[in-house]
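J.: One structure coming up, written as structure tokens, with questions to follow.
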Amino acid sequence: MAQPPAALEAGRLAGLAYLLSAAGGTSGSRARDVAIKAIRLYRRDRWRYSLRRRLPAVDRVPLDRPIFFLGVQGGGETIVGRCLRRNDAVVSMSGSSSYWTGIDELGVVRNRMAQLPTTLWGCKFRDDVEHPLFGPNHNSVYACDALLPFYRRTGDDADEVDGRRFRRLLREHLFVYARDPSRVRFFDKTHTNTVKLPLLAAYLEGCDPFFVLVVRNPYSWCYRAVRRKRPSHRVALAPEQELRLAAEHWSNSYRIALQDARHVPNVTVVRFEDFVADPEAVVRRLCAVLDLELDPAMVPQAGHRLPFATLPDDRKWYPLFLDPWLEKVGEREAEVIASVCEPLATELGYERAATAGATLSRAAGG
């Protein structure tokens, strides 16, 4: 799928704007901040400029048991996924285990989207989706009732040409980034795949893919989502409307993934709260399920150094932090979330939050 010149130019301008922006925090040195971002972009896009990915040998790379993390944005997939990415047998779209803090979502990077089937695009830059409420950024709402039809995909949507293109893209990343492409597993956590399990399984038939569904408490997650992972809106929404959309998104995402898991093999569920309480136990269980050799360095611990090209405000490793959002949830907010999420939340072991007694307020001021 060729990328239009306008999209290419937009991607270049976005990269330049990111390089010079304050996004990601600051290390205290402007030169260091720019260097960090430049290296991040280089590592992410080395695939794009590599001649190796165009070689016929790419098609002979075994696509062995790729690993896909599923869940909602801000649900804990990043830090749990990083544990696996520190394993020498795992490669992501940003590189090997030597660089385990780069982006790992094929579906939200423009130059990867240009090569992916549109059915596997993520929730950003979605100018192709026309909706009166939402702009092109669908953070934390792509699985809400209104947008779900644009994102939900099953095996009936599989197209063999698209499947070949997807498998080729994964192999290209293994060939470019892996020390030994024949002995590694590809890792990705494009969040929209959460409502596309059957489609992924169809495209990867014969490759024995594995899926890890990371679950997080809906009371804290929904409260956080309308403050930290907001979509773009075409119209102003009342706080309760925004919260209800986030709750629909949480409920639909996990309900659909769990239903699909009844028919798609190799799906494992991990509660983020269990990981925070005992990361070693969760990492050990994941290694056993995914058939990865356990390395003690995969568990967050004191003394670990983050790769240089890690954003200054990135704290998703050690120490682990208790949930700071749950205690902020007000009574009315808990009622809205419970009205949508409570049956599934209870099934997953989450009880309604003890509320702070606050009322709904605009997310922008939260």
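The values are calculated or read from the model by the stated rules, or taken from the named source; none is laboratory data. Quick caveat, the model's predicted, so the values are computed rather than measured. Cβ sites come from the backbone with ideal geometry, for glycine too, and all protein chains shown count toward neighbours.
J.: Of the conditions (1) among the aromatic types (Phe, Trp, Tyr); (2) closer than 20 Å to residue 169 by Cα; (3) part of a loop (DSSP other than H, G, I, E, B), residue 47 clears all except one; give me its number.
T.: (3)
J.: List the pairs whose first member sits in the stretch 58-83 and is over 23 Å from residue 227 (Cα atoms), whose second member is part of a loop (DSSP other than H, G, I, E, B), and whose Cβ atoms are under 6 Å apart, counting only residues at least 6 apart or on separate chains?
T.: Correct list of pairs: 63/207; 65/208; 66/209; 69/189; 81/189; 82/100.
J.: So for the stretch 234-247 (the condition being surrounded by fewer than 16 Cβ atoms within 10 Å (Cβ to Cβ), touching a strand residue (DSSP E or B) at 6+ places or on another chain (Cβ under 8 Å) and outside any helix (DSSP H, G or I)), does at least one residue qualify?
T.: Taking every residue of the stretch 234-247 in turn, at least one turns out to be surrounded by fewer than 16 Cβ atoms within 10 Å (Cβ to Cβ), touching a strand residue (DSSP E or B) at 6+ places or on another chain (Cβ under 8 Å) and outside any helix (DSSP H, G or I).
J.: So which residues in the stretch 181-207 are in a loop (DSSP other than H, G, I, E, B) and in contact (Cβ under 8 Å) with a residue 24 or more places away in the chain, if there are any at all?
T.: Scanning the stretch 181-207 gives 184, 189, 190, 196, 204, 207.
J.: Right, next: If you check 66, 62, which single one turns out to be surrounded by fewer than 16 Cβ atoms within 10 Å (Cβ to Cβ) and at pLDDT 95 or above?
T.: 62
J.: Something else now. Go through the stretch 94-111 and give me each residue that's farther than 23 Å from residue 249 by Cβ and either small (Gly, Ala, Ser) or at pLDDT 95 or above (or both).
T.: Start the filter on the stretch 94-111 by keeping residues that are farther than 23 Å from residue 249 by Cβ, which leaves 94-102, 110-111.
94, 95, 96, 97, 98, 102 - these are the residues of the stretch 94-111 that are farther than 23 Å from residue 249 by Cβ and either small (Gly, Ala, Ser) or at pLDDT 95 or above (or both).
J.: I've got another one for you. Have a look at 91, 80, 72 and point out the one that is modelled with pLDDT of 95 or more, crowded, with 22+ Cβ neighbours inside 10 Å and part of a strand (DSSP E or B).
T.: Being modelled with pLDDT of 95 or more, crowded, with 22+ Cβ neighbours inside 10 Å and part of a strand (DSSP E or B) holds for just one of 91, 80, 72, which is 91.
J.: Moving on. Is it fair to say residue 273 is touching a strand residue (DSSP E or B) at 6+ places or on another chain (Cβ under 9 Å), in a helix (DSSP H, G or I) and either among the basic types (Lys, Arg) or over 20 Å from residue 135 (Cα atoms) (or both)?
T.: So residue 273 fits the description; yes.
J.: Would you mind finding the one in 247, 236 that is modelled with pLDDT under 95, of a type in the set (A, V, I, L, M, F, W, C) and either in contact with a Gly (Cβ under 6 Å, 6 or more places away or on another chain) or within 30 Å of residue 328 (Cβ to Cβ) (or both)?
T.: 236
J.: For residue 46, work out the one condition from (1) modelled with pLDDT under 95; (2) within 26 Å of residue 318 (Cβ to Cβ) it doesn't fulfil.
T.: (2)
J.: Within the stretch 302-315, can one find any residue that is surrounded by fewer than 20 Cβ atoms within 10 Å (Cβ to Cβ), in contact with a helix residue (DSSP H, G or I) (Cβ under 6 Å, 6 or more places away or on another chain) and either of a type outside the set (S, T, N, Q) or not in a loop (DSSP other than H, G, I, E, B) (or both)?
T.: Within the stretch 302-315, none of the residues are surrounded by fewer than 20 Cβ atoms within 10 Å (Cβ to Cβ), in contact with a helix residue (DSSP H, G or I) (Cβ under 6 Å, 6 or more places away or on another chain) and either of a type outside the set (S, T, N, Q) or not in a loop (DSSP other than H, G, I, E, B) (or both).
J.: Would you confirm whether any residue within the stretch 173-180 is closer than 18 Å to residue 44 by Cα, in contact with a helix residue (DSSP H, G or I) (Cβ under 8 Å, 6 or more places away or on another chain) and not in a helix (DSSP H, G or I)?
T.: No, the stretch 173-180 contains no residue that is closer than 18 Å to residue 44 by Cα, in contact with a helix residue (DSSP H, G or I) (Cβ under 8 Å, 6 or more places away or on another chain) and not in a helix (DSSP H, G or I).
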